[in-house]
Amino acid sequence: MLQAGNGMPTTPLLMIPGPVEVSPAVTRAMSVPPPGHQAPGLIEAFGQALQDCRTVFKADADAAAYIVAGSGTLAMEMAASNILQSGDRAVVANTGYFSGRMAEIARRCGAEVTLIDATPGDAPSLEAIERHIATVSTRGSVKALFATHVDTSTGVRLDPEPLAALARQHDVLSVFDGVCATGGEHFDMAAWGADIYLTGSQKALSAPAGAALLVAGPRALKARQSLRQPPPLYLDWTSWDPIMKAYHENRPSYFATPATNCVLGLAQGLREIVSDTYEDLNGVDARVARHHTASTALRQAWAVMGLEEIPVRSELRATTLSALRYPAGVDAGLLAQLRQRGLVVAGGLHPALKTQYFRVGHMGYVTTQPHLLEQTVTVLAEGLTAAGHRVDSKAAVDAFRQGVN
Ligand SMILES: *Cc1c(COP(=O)(O)O)cnc(C)c1O
């Protein structure tokens, strides 16, 4: 539990896959009377956030960065509606709930969408995706390939690099939903040749909810220019281009009001990632390494507690969250046991497995705070014991500590 220390009620420790805990500096940055959208401090923070967004995404100078008020889903809508139109074909690598959402969004842009399925907890193979793209190509080509970097419903992470390469090889645009990954998992937009990467402010970037972030490379920007009809005004990149340019250049501008306090928090959250250092690494590489250490240590504790994960192979396990099966005799009542003890985790989300598992988010700021991760282990061990699955709390904590040291 986070101690307020001033007689204020303590808030629970929020270990869900977004929104997540943010640093005290992020809370301070946003806890100000709402600035106007043309306030000098807001303009400066916005320009900084755009620059740091490109750094965190590892984008080239010829890519365009957009930060708009909205949630991660809005970034998904923006991606699809600027590259797809009716008659286009799209392919979605299906790793769970959010891939399904991406498919529905693409369909609503008029595209004919094919989902390449996998059993829940697995990811479709590169071969299956390539086979489909190559087959369809003989009948008229696929315009875009969509994939979820980390699917929050299953805890499955796929490897974007070969997918981006495959897409290039077949002259297909690649779009990656990084909402539960960006800032926590390795992604190199420029080196991999990915065309669009997107996220929301409240996940691994460790900022408040309210901002959608998207970076589009030159091939994606060209696809927007070739659409027969423009996308909805708010989603249209060309509506925002002059605004983002102005913020980059520290000038006031207006198209639609940004979430001003959220932008202040987001700018601070991004700064903390860009200026992070860990072991001999800097910036987002340091932050990604922290996620690796944190998730490895937590998984050692999960193993001691006898908890099994939804991803079917260890290389599919995300570093940003764990999707854990309830042990025999335990059900969703566990969540209430944990809540009483000051820890909030999330229930299942994948429709086929919903009642069989729960999810612990371990992304963003908490990866810099091992004591918060350790607290999660301790409380989870207590909650499981109270729910009837006896675990050795001390052994679980010891396993965790070995992993972080
Ligand atoms: C959370 C999430 C979304 C949706 O983001 P919202 O901010 O809730 O709209 C999309 N994709 C993934 C992978 C997510 O984790």
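The calculated 222 nm mean residue ellipticity attributable to helices in the chain amounts to -13000 deg cm²/dmol, summing -39500 (n - 2.57) over DSSP H runs of n ≥ 4 and dividing by all residues.
Roughly speaking, what is the stretch gain from residue 32 to residue 314, that is 0.36 nm per residue apart minus the C-alpha to C-alpha distance, in nm to one decimal? Provide the component values of the computation, followed by the final result.
Details: separation 282, 0.36 × 282 = 101.52 nm, distance 4.36 nm.
Taking 0.36 nm per residue and subtracting the Cα distance, the gain is 97.2 nm.
Length, then width, then depth: along the principal axes, the Cα atoms of the chain run 61, 53, 38 Å.
Check each of the GluC sites (Glu not before Pro) in the stretch 281-372 and keep only those in coil by DSSP with at most 15 other C-beta atoms within 10 angstrom; list them in order. Intermediate values should be presented prior to the final figure.
Details: sites: 308, 309, 315; in loops: 308.
Counting only loop positions with at most 15 other Cβ atoms within 10 Å, the GluC sites (Glu not before Pro) in the stretch 281-372 are 308.
Here the spin labels are modelled as points 7 Å beyond Cα on the Cα-Cβ line, and at residue 331 and residue 394 they lie 3.4 nm apart.
Accessible surface of residue 31 in the full protein assembly, 1.4 angstrom probe, to the nearest 10 Å²? Residue 31 exposes around 80 Å² with every protein chain in place.
Assuming R0 = 30 Å, what is the FRET efficiency of residue 296 and residue 344, from their Cβ-Cβ distance, to the nearest 0.05?
Details: r = 23 Å, r/R0 = 0.77.
The formula returns an efficiency of 0.85 here.
Using a probe of 1.4 angstrom and keeping all protein chains present, the accessible surface of the stretch 263-405 works out to 41 square angstrom per residue. Averaged over its residues, the stretch 130-206 has an accessible area of 27 Å² per residue, based on protein heavy atoms and a 1.4 Å probe. Among the chymotrypsin sites (Phe, Trp or Tyr not before Pro) in the stretch 80-146, none is located in a DSSP loop while being surrounded by at most 14 other Cβ atoms within 10 Å of its own Cβ.
Treating r as the C-beta distance of residue 191 and residue 44 and R0 as 30 Å, the FRET efficiency rounds to 0.50.
Show me 103-110, 201-208 ranked by packing, highest mean number of other Cβ atoms within 10 Å first.
Numbers: 103-110: 18.1, 201-208: 29.8.
The packing order, highest mean first, is 201-208, 103-110.
Tell me, what is the percent relative contact order of the stretch 181-280, built from C-alpha pairs under 8 Å that lie six or more residues apart?
Numbers: 85 pairs, mean separation 26.8, N = 100.
The value is 27 percent.
Solvent-accessible area per residue in the stretch 1-115 equals 42 Å², computed with a 1.4 angstrom probe and all protein chains kept.
Counting only protein heavy atoms and using a 1.4 Å probe, the accessible area of residue 319 comes to about 10 Å². Among the chymotrypsin sites (Phe, Trp or Tyr not before Pro) within the stretch 208-281, those in coil by DSSP and having at most 14 neighbouring Cβ atoms inside 10 Å are 254.
For the chain, which whole-number percentage of the solvent-accessible area (1.4 Å probe, protein heavy atoms only) is attributable to carbon and sulfur atoms? Answer for the chain is 52 percent, counting heavy atoms of protein chains only. Which FRET efficiency value, to the nearest 0.05, is calculated for residue 161 and residue 275 with the Förster distance at 35 angstrom and r the Cβ-Cβ distance? Between residue 161 and residue 275 the formula returns 0.85.
Where both partners of a DSSP beta bridge lie in the stretch 131-243, what percent of those bridges are antiparallel, to the nearest 5?
If we restrict to bridges inside the stretch 131-243, about 45 percent are antiparallel.
The values are calculated or read from the model by the stated rules, or taken from the named source; none is laboratory data. None of these values were measured; they are calculated from a predicted model. Every residue, glycine as well, gets a Cβ built from its backbone with ideal geometry; the counts of neighbours run over all protein chains shown. The accessibility values were calculated without ligands, DNA or RNA, using every heavy atom of the protein model including side chains. Shrake-Rupley method; radii C 1.70, N 1.55, O 1.52, S 1.80 Å.
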